[in-house]
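The values are calculated or read from the model by the stated rules, or taken from the named source; none is laboratory data. Owing to the predicted nature of the structure, the values given are computational and were not obtained by experimental measurement. Virtual Cβ from ideal backbone geometry, glycine too; neighbours counted across all protein chains shown. Each accessible area value is taken on the protein alone, full model and side chains, heavy atoms only, with ligands, DNA and RNA left out. Shrake-Rupley method; radii C 1.70, N 1.55, O 1.52, S 1.80 Å.
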Amino acid sequence: MIRVNPELTDDQLLRLFDKGTLGQWTPDAIEWGDLDRITPDLRHAIAQVLTPVYLGEQTAMYGVSAVLPDMLSHGHHEEALYLSSMGLDEGRHFRNLHKLYHIFQEEPASRHRIPEMFRYHARLLSHKDSTEWIWGILISDLFAKHFYGGLFQRYPDTVVGRLSRRTLKDEARHQAFSERYLEKVLPTMDSEHKAQLIALRDDLFRTMEAIGHRLYDSMMVLDWKPEDFLHDLSLDTERWVKRLGIETGV
Ligand SMILES: [Fe+2]
Ligand SMILES: [Fe+2]
């Protein structure tokens, strides 16, 4: 129920919201020039590999706008505040990648080439409650962390590296939000509900594996084996499963 003048008591979430507000930036913060440091072949491969991430930034806006009313109606005002800033972050990431495709003069991969990327987002949005969506979005934020991190490592002094490094800062705030939300909610969840979170993780990883197969050739142009990427992501996700105490023993 939306209340007039609700209490705002979760200082950690309020600080994250303030960080999100202060952390806003525009495309002007990026130096978009010196494209010649990335060969046309690399540009094409990056455009292909970026496609599921590009779609993910756009569908994250959709997810935030779907979950926000649920938070407000359950009296989670601090969470709703934070999600407003997260929606703006995801909008900016979508806009930046849109600009990158334009500058590269490349198109994203077609939906026929990677049909699983739509399955991934459909699964993410098929949540029965906000907790499932936030757990799924944490996995997607970890995906973004490894993906943008890998691009930054490979092409640090280029527009791709600069954009990746800047985007990583926003994604780190998103992880901090998911952590705070989940550490509050998980102790109240029964093991059946926790098992649904593990099932969601497994579904998302199965879909990511299929996407990796589709993008194998383009990933290899970047000297990046999809299985290595997924291995690192899986280790990171497992750390979170343990840290949050999601493992149900089933
Ligand atoms: Fe994002
Ligand atoms: Fe994010």
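Worth a mention:
- 2 or more residues within 19 Å of VAL159 (Cα to Cα) and within 16 Å of ligand 1 (Cβ to nearest atom): qualifying helices (runs of 4 or more DSSP H) within the stretch 1-112: 40-73, 77-104
- Remark: ASP217 falls outside the filter, which requires a residue to be within 16 Å of ligand 2 (Cβ to nearest atom), within 30 Å of PRO40 (Cβ to Cβ) and either touching a Ser or Thr at 6+ places or on another chain (Cβ under 6 Å) or part of a helix (DSSP H, G or I) (or both).
- The residue that is least open to solvent (accessible area, probe 1.4 Å), among those in the stretch 172-230 that are aliphatic (A, V, I, L, M) and without any contact (Cβ under 8 Å) to a residue 24 or more places away in the chain, is ALA199.
- Residue, farthest from ALA144 (Cα to Cα), within the stretch 72-103, restricted to residues that are open to solvent by 50 Å² or more (accessible area, probe 1.4 Å) and of a type in the set (Ser, Thr, Tyr): SER73
- Against the test of being within 13 Å of ligand 2 (Cβ to nearest atom) and assigned to a helix (DSSP H, G or I), the options GLY161, GLY136 yield a single qualifying residue, GLY136.
- Considering (1) at pLDDT below 95; (2) within 16 Å of ligand 2 (Cβ to nearest atom); (3) among the aliphatic types (A, V, I, L, M), the lone condition that MET1 does not fulfil carries the number (2).
- Some residue of the stretch 24-36 being surrounded by 13 or more Cβ atoms within 10 Å (Cβ to Cβ), in contact (Cβ under 8 Å) with a residue 40 or more places away in the chain, polar (S, T, N, Q) and out of contact with any Phe, Trp or Tyr (no Cβ under 7 Å at 6 or more places or on another chain): no
- Unique residue being part of a loop (DSSP other than H, G, I, E, B) and farther than 30 Å from THR26 by Cβ when the list is LYS128, LYS194, LYS184: LYS128
- LYS145 passes every criterion in (1) assigned to a helix (DSSP H, G or I); (2) out of contact with any Asp or Glu (no Cβ under 6 Å at 6 or more places or on another chain); (3) open to solvent by 50 Å² or more (accessible area, probe 1.4 Å) apart from (2).
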